Amino acid sequence: MKPIHLNLAARPYRDYRPVYAVVVVLSLLTAFLMLNNVDTYLRYVHETKSTRAEIAQIEEQTRVETRKEQEAKGRLKGLDLAHLDAQTRFINAKLAERAFSWSRLLDELESILANDVRLLSVGPRFTDEGDIQLTLNFQSKSANGMMTTINRMNAHPQFKEAFPTTESQDDTGIFSFDLAVTYLPEQGVAR
Amino acid sequence: MIWQEKRVLLGILGVLLLANVVFFLTYRVQYQSRIDEMEERRAQAEGQLDRTKRQRADAEMSLAAYRKVERDVQLVYDETWSTQPKRLTAMIAEVKRLAVASNAIPRTLSFGKSEAKDLAGTRRSKSVGAREVSIGFSVTATYEQVRRMINLFELSNQFVIIDEINLAEADPTKLTLNLRIKTLFREERTTAGGAGL
């Protein structure tokens, strides 16, 4: 006898188990990742909170410093720097002239002058470089007076680049000569 | 067929998973690099702050240096040089006093004055708010008296500059000394650096 297979289903049978399995796996995976991500985000926000606050504070300080710098520069722009510089250089030059020791210069000149040479005039000129240029006028009884004076100045550490301007002899046989020389009083002090 | 029937659910789950994977890869995997990046930003901000502080300090130091120089200049102009009405007679009296002290009294004094210029010379000479006054005289004296007079001028409390010395033989024991000294006076309108006092 042939058995009877009764199919009483209202619609065809479908096996959804693979779909549900995938849905469950995806859901679990998504939930795990989401929890992890939320934890990561909260931790990031928490851990960088102080750093972000510090950055904000530093940037505020920078703005304050920049404003102060601009104010100082603005005040500097309004000043007459060139005029003050000119006055300062002028004062320094005059203070150097005032500090110039004529007594020491005369001592030095006394030490180098030969017996037959005498000093008639001396005039200093203070250069921008801080040197002192002397213009000297001498009289000598001998024809070698000028050479002797130049040689002695060249051998002296406080005189440099002695150079004659004129030499003449009058009717009485007296020689007159002018010299220009650089005077270095500081080296004498340091020596 | 069964997958198509559940495609909406699967799609939503797929999108959610994808979004979480992207977030995971960018935040979780690169977590340390993001923290480092934040630290780097802080370091950059600190560097910028340090630079700004230095620039501000430089600007304020320049300003303070200017003020100090201005005060010093004004001190020289006001106290040391002063104005001609205030100091000229004191200066002449000092010259006469020192001449008496060195026993070499001049018969004649000659005076001159000129406006002082800055060191730039004639090319761009500019008034520095001071005037030079010179006093010239001639005395007959021994060499020792001449040296003493020069020394006294160097030690004077007045701002005296010996400008030029000329010597000539007067007789076998004495010299004729032509001396020119000068001093400086502040002009009445002078203010240091052009700033008001």
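The values are calculated or read from the model by the stated rules, or taken from the named source; none is laboratory data. Predicted model only: the values in this text are computed from it and were never measured. In this analysis, Cβ positions are derived from the backbone assuming ideal geometry, glycine residues included, and neighbour counts consider all displayed protein chains.
Here are a few things to note about the model shown:
- Only listed residue being surrounded by 13 or more Cβ atoms within 10 Å (Cβ to Cβ), part of a helix (DSSP H, G or I), at the interface with chain B (Cβ under 7 Å from one of its Cβ atoms) and under 24 Å from the mean Cα position of the chain (by Cα), chosen from A:LEU84, A:LEU79: A:LEU84
- Filter result (among the β-branched types (Val, Ile, Thr), farther than 17 Å from B:LEU18 by Cβ and more than 8 Å from chain B (Cβ to nearest Cβ)) within the stretch A:1-29: A:ILE4, A:VAL24
- Hey, B:GLN48 within 30 Å of B:LEU155 (Cβ to Cβ), of a type outside the set (Asp, Glu) and out of contact with any Gly (no Cβ under 8 Å at 6 or more places or on another chain) or not: no
To keep it simple, each residue is scored yes or no on (1) at pLDDT 90 or above; (2) surrounded by fewer than 18 Cβ atoms within 10 Å (Cβ to Cβ).
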position: A:ASP128; (1), (2): no, yes
position: A:LEU134; (1), (2): yes, no
position: A:THR149; (1), (2): yes, no
position: A:GLU161; (1), (2): yes, yes
position: A:THR182; (1), (2): yes, yes
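- Filtering the stretch A:106-114 for residues that are surrounded by 15 or more Cβ atoms within 10 Å (Cβ to Cβ) and touching a Ser or Thr at 6+ places or on another chain (Cβ under 6 Å) leaves a non-empty set.
- Residue within the stretch A:39-49 that is within 43 Å of the chain's Cα centre (by Cα), polar (S, T, N, Q) and at pLDDT below 90 present: yes
- Residue within the stretch B:126-144 that is hydrophobic (A, V, I, L, M, F, W, C) and within 12 Å of chain A (Cβ to nearest Cβ) present: yes
- Only residues that are in contact with a helix residue (DSSP H, G or I) (Cβ under 6 Å, 6 or more places away or on another chain) and under 30 Å from B:ASN20 (Cβ atoms) were counted across the stretch A:30-76, and they come to 8.
- Helices (runs of 4 or more DSSP H) lying entirely in the stretch A:99-191 (those with 2 or more residues that are more than 35 Å from the chain's Cα centre (by Cα) and closer than 30 Å to B:SER156 by Cα): A:102-112
- Residue pairs meeting the criteria (Cβ under 7 Å; at least 6 apart or on separate chains; first aliphatic (A, V, I, L, M), in the stretch B:27-51; second not in a helix (DSSP H, G or I)): none
- Members of the stretch B:15-43 that are under 18 Å from A:PHE32 (Cα atoms), more than 7 Å from chain A (Cβ to nearest Cβ) and part of a helix (DSSP H, G or I): B:VAL15, B:LEU18, B:ALA19, B:VAL22, B:LEU25, B:THR26
- Pair list, Cβ under 6 Å, 6 or more apart: the stretch A:119-148 residue more than 10 Å from chain B (Cβ to nearest Cβ), other residue surrounded by 15 or more Cβ atoms within 10 Å (Cβ to Cβ) and assigned to a loop (DSSP other than H, G, I, E, B): A:THR148/A:ALA114
- Single residue of the stretch B:166-184 satisfying the filter (in a strand (DSSP E or B) and free of Cβ contacts under 8 Å to residues at least 24 places away in the same chain) that is surrounded by the fewest Cβ atoms within 10 Å (Cβ to Cβ): B:ASP171
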